[in-house]
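Bear in mind that the values in this text are calculations on the coordinates, not laboratory data. Note that the coordinates shown come from a computational prediction; the quantities given were computed from them, not determined experimentally. Virtual Cβ from ideal backbone geometry, glycine too; neighbours counted across all protein chains shown.
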Amino acid sequence: MTLTEMKRLLAAGDIQLTKSLGQNFLHDGNQLRRIVGAAVLTPADKVLEIGPGLGPLTELLLARAGEVLAIEKDLRLVEFLRERFASERSADLLIGTVDGSRNLPNRSSAFQLLHDDALKYLQRERRDWSEWKLVANLPYSVASPILVELAQALVPPQLLVATLQLEVARRLMSTADDDDYGVLTLLVQLRYEPVEWFKIPSGCFFPEPEVDSACVVLKRRATPLLTGDGPAAFEKIVKRGFSQRRKMMLKLLKQDWPAEKLGGAFGQLQLSPQERAEKLSLEQFVALTELLLTPG
Ligand code: SAM
């Protein structure tokens, strides 16, 4: 979809773009192909796309994957997409409603289009995403909570290929002691290994976003680093540890854990009592979680 074509479609549908929905549409063919290429799709793949917009990415996904589930919040775009893809896939096209009273036939389809808030859908549907890949140019205002929600799913998607703000991409890719390292890094990296990322120039979007953008690729870890109560405890430790970035982590954690237990765990991990959360690696956070959860 070229920029001219995109503008023509928006004008024909009398669609004024909504800033609060992060409607910066990607029209650069090279970037779209690069994003889809990063997902290494085959007809065996199931793809979740959040925020299909006018469908430039959807079109490529439908050509390569066996199944696409697209969730779009803006009803005007859902109606546009229904028409756009109806001729090709009319038998498979499903439309839901925002209030969740969806009426889905009980069968799998090549293309499902849901009119819904994707974050609410993910929170509500608690499904097994193990066979899915996320490929999306995410609405920037909800990109982080969507990725955390997917990372904390029962079984998260095998691959995340997400276009988002450069600043968020940096946080997802960072390691201990980086300026961008923090809660988002750790909650997502607990389940995912960063694979690659690339910048996408603002001029590739319409309208051009005020912030820089990037596409990140994250691969689900073959074996979860923590199981059972581990992930919830890890989240609590990480959030508490970063609640006051410049403060000593040991002091902060005393709000939730007995001082003796913490002292023992810090000792075993050879962590200084003065250490701040931003200095601890993912592996150290995992080990600390395990020690704090060990009875006795
Ligand atoms: N995929 C299209 C593209 O690349 O051109 C559009 C991407 S645009 C950055 C984000 C899209 O997400 C918009 O179509 C917007 O309406 C939709 N959106 C915004 N918030 C949403 C939400 N909570 N759930 C689902 N879609 C949402």
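Overview of values
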{"quantity": "So Ser202, is it touching an Asp or Glu at 6+ places or on another chain (Cβ under 6 Å), free of Cβ contacts under 8 Å to residues at least 12 places away in the same chain and more than 14 Å from the ligand (Cβ to nearest atom)", "calculated": "no"}
{"quantity": "Helices (runs of 4 or more DSSP H) fully within the stretch 1-87 counting 3 or more residues that are buried (at least 17 other Cβ atoms within 10 Å of the Cβ)", "calculated": "29-38, 56-64"}
{"quantity": "Search result, residues across the stretch 236-253 that are surrounded by 15 or more Cβ atoms within 10 Å (Cβ to Cβ) and either hydroxyl-bearing (Ser, Thr, Tyr) or in contact with a Leu (Cβ under 8 Å, 6 or more places away or on another chain) (or both)", "calculated": "Ile237, Val238, Arg240, Gly241, Met249, Leu250, Leu253"}
{"quantity": "Cβ-Cβ under 9 Å pairs, at least 6 apart or on other chains, the stretch 63-84 side closer than 17 Å to Ile50 by Cβ, far side assigned to a helix (DSSP H, G or I) and among the small types (Gly, Ala, Ser)", "calculated": "Ile71/Ala118; Glu72/Ala118; Lys73/Ala118"}
{"quantity": "Residues located in the stretch 233-263, provided they are free of Cβ contacts under 8 Å to residues at least 40 places away in the same chain and touching a Ser or Thr at 6+ places or on another chain (Cβ under 7 Å)", "calculated": "Leu252"}
{"quantity": "Residue list for the stretch 121-141, filter: within 11 Å of the ligand (Cβ to nearest atom) and under 27 Å from Pro43 (Cβ atoms)", "calculated": "Tyr121, Leu122, Val135, Ala136, Asn137, Leu138"}
{"quantity": "Residue in the stretch 168-183 that is among the charged types (D, E, K, R), surrounded by 14 or more Cβ atoms within 10 Å (Cβ to Cβ) and assigned to a helix (DSSP H, G or I) present", "calculated": "yes"}
